[in-house]
Amino acid sequence: VSVNAMLNSDFDSPFDVTDKAIQLGQEPKQYLKALIRKQLSNAKPLPFVCANDWVAATLIEMLESEGKSLPYVIGFDNSTDSYRLCFDSFAFNVETMAKEALYHIISPTNYSIFKKQVQNPPGKIVIKG
């Protein structure tokens with residue numbers, strides 16, 4: 001399956017996008033829209049996997065305001081925007097991820113000797129429709 005990745009390797013987090021926009025004297029949402037427009041110039045009419053719900057919501061709002069048909073969009077965070085705009089969003093269980101990371105540091109032999117595996121922290125996909 002092919003998808004459009006709405007990711008930008010220049011930024012590690014949404015906060016970096018906001019910080020860069022402020023450094024340039026721009027409003028963060030407008031700066032994000034410019035980044036998305038650049039990505040859209042190479043996009044095909046395929047599903048979009050966005051870096052987070054802020055990107056997904058901005059993409060959907062941009063396309064709606066331009067009267068364009070909406071593609072299938074997936075975000076990450078499971079924010080209220082994903083409910084408001086009705087797009088799928090993956091929610092990470094951060095508490096469990098932190099516990100797993102600490103457990104690996106404190107007791108790594110339990111995984112490597114006894115279980116012979118690394119456990120994946122649970123998450124959930126929330127499908128809205």
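The values are calculated or read from the model by the stated rules, or taken from the named source; none is laboratory data. Nothing here was measured: the structure is a model prediction, and the numbers come from that model. Positions of Cβ are backbone-derived with ideal geometry, glycine not excepted, and every protein chain shown enters the neighbour counts. Heavy atoms of the whole protein, side chains included, go into the accessibility calculation; ligands, DNA and RNA do not. Shrake-Rupley method; radii C 1.70, N 1.55, O 1.52, S 1.80 Å.
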Only unsatisfied item for residue 57, checking (1) under 22 Å from residue 91 (Cβ atoms); (2) open to solvent by 50 Å² or more (accessible area, probe 1.4 Å), is (2)
Name the one entry in 101, 91 that is among the small types (Gly, Ala, Ser), in contact with a Gly (Cβ under 8 Å, 6 or more places away or on another chain) and modelled with pLDDT under 85. 91
Suppose the filter is open to solvent by less than 50 Å² (accessible area, probe 1.4 Å) and either at pLDDT 65 or above or acidic (Asp, Glu) (or both); does residue 52 pass it? yes
Please indicate, with yes or no, whether at least one residue in the stretch 33-47 is out of contact with any His (no Cβ under 9 Å at 6 or more places or on another chain), open to solvent by less than 30 Å² (accessible area, probe 1.4 Å) and within 22 Å of residue 91 (Cα to Cα). no
Which residues, taken from the stretch 6-34, are in a loop (DSSP other than H, G, I, E, B) and modelled with pLDDT of 95 or more? 24, 25, 26, 27
